[in-house]
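The values are calculated or read from the model by the stated rules, or taken from the named source; none is laboratory data. Everything numeric in this text was worked out from a predicted model, so none of it was measured. FYI the Cβ positions are ideal-geometry reconstructions off the backbone, even for glycines, and counts take in every protein chain you see. In case anyone asks, the SASA skips ligands and DNA or RNA and just uses the protein heavy atoms, side chains included. Shrake-Rupley method; radii C 1.70, N 1.55, O 1.52, S 1.80 Å.
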Amino acid sequence: MPYKYDEVVPWGRSMEEYIWMFNLTPENLKLKILGCGDGPASFNYEMTKLGYQVTSIDPLYQFTAKQIQERIKETYDNVIGQTYQNQEKFIWERISSVEALGELRMSSMKKFLSDFKKGKKEGRYIEAKLPHLSFQDEEFDLGLSSHLLFFYTDILTYDFHLRAISEMCRVAKEVRIFPLLNVNNVFSPYVGKIIDDLYQLGKKAKIEKVPYEFQKGGNQMLKIQ
Ligand SMILES: C[S@@+](CC[C@H](N)C(=O)[O-])C[C@H]1O[C@@H](n2cnc3c(N)ncnc32)[C@H](O)[C@@H]1O
């Protein structure tokens with residue numbers, strides 16, 4: 001049975017995975033980064049610990065750490081259960097099994113939860129929802145979005161995608177989006193149209209191969225400059 005989500009779920013990846021997904025070089029890590037839809041990922045926590053500068057936005061950040069933890073608990077069984085039924089859609093190398101995946105994700109999300117209160121106070125976790133961002137034009141060097149845009153093609157409209165990506169391009173000098181596949185490994189039909197529509201708006205978008213492939217065929221990001 002294919003994956004089916006009625007809404008975008010909170011699920012968190014690690015800094016190492018962000019580095020592979022977005023092909024981040026040591027120089028890229030030094031940039032002022034905005035993560036859109038970072039949710040309970042540990043990217044912000046791990047980067048901050050190393051002295052880098054990341055701001056994350058997500059509507060999830062309206063809740064307390066305890067409420068987010070509850071939401072993760074509710075989501076966990078659903079995501080892991082659906083992954084058991086869809087194991088053939090993944091490459092089980094770096095992550096060796098569904099159990100290892102569950103442990104890895106929980107480890108990242110626990111790191112996020114331990115950092116959330118402090119990070120929110122420091123302005124590193126900001127409650128906001130694409131397609132609206134309250135930042136200045138080009139306030140960030142690099143805008144990233146992982147496992148939100150294109151991934152939820154089935155429940156988020158094309159118009160939402162164009163407005164969200166245009167807004168990310170307004171506040172960041174460069175934008176990277178990963179993956180280009182939806183939850184069932186289908187290349188999002190939005191990608192080509194987004195590239196064309198951004199071109200009309202004076203933005204150059206290109207597809208680039210990255211060293212991360214967990215969903216089979218999911219080793220490409222969209223880079224917009
Ligand atoms: C599947 S999680 C991915 C989290 C993280 N980027 C990662 O890859 O580990 C998707 C996140 O998108 C967030 N989200 C949903 N709608 C959003 C919107 N309109 N703007 C920003 N984030 C949104 C959800 O709250 C959730 O935390």
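Annotations for the structure displayed:
- Cross-link pairs Lys117/Lys223; Lys4/Lys89; Lys66/Lys120 - those with Cα-Cα distance over 24 Å: Lys117/Lys223
- Residues listed by number, segment 196-213, amide nitrogen under 11 Å from Ile91 label point at 7 Å toward C-beta: 210-213
- Overall dimensions of segment 24-77 as given by Cα atoms, namely Rg and Dmax in Å: 13.1, 38
- In a fully extended conformation the segment linking Lys129 and Glu70 would gain 19.2 nm over its present Cα-Cα distance, using 0.36 nm per residue.
- Per residue value of the accessible surface for segment 15-224 (all protein chains in place, 1.4 Å probe), Å²: 47 Å²
- With all protein chains in place and a 1.4 Å probe, the accessible surface of segment 15-224 carries 52 percent carbon and sulfur.
- 31 Å tail of the calculated P(r), the chain, as % of Cα pairs: 15 percent
- The relative contact order of the chain comes to 25 percent, based on Cα pairs under 8 Å that sit 6 or more residues apart.
- In this Cβ point-charge picture (+1 for Lys and Arg, -1 for Asp and Glu), the chain has a dipole of about 380 debye about its Cα centre.
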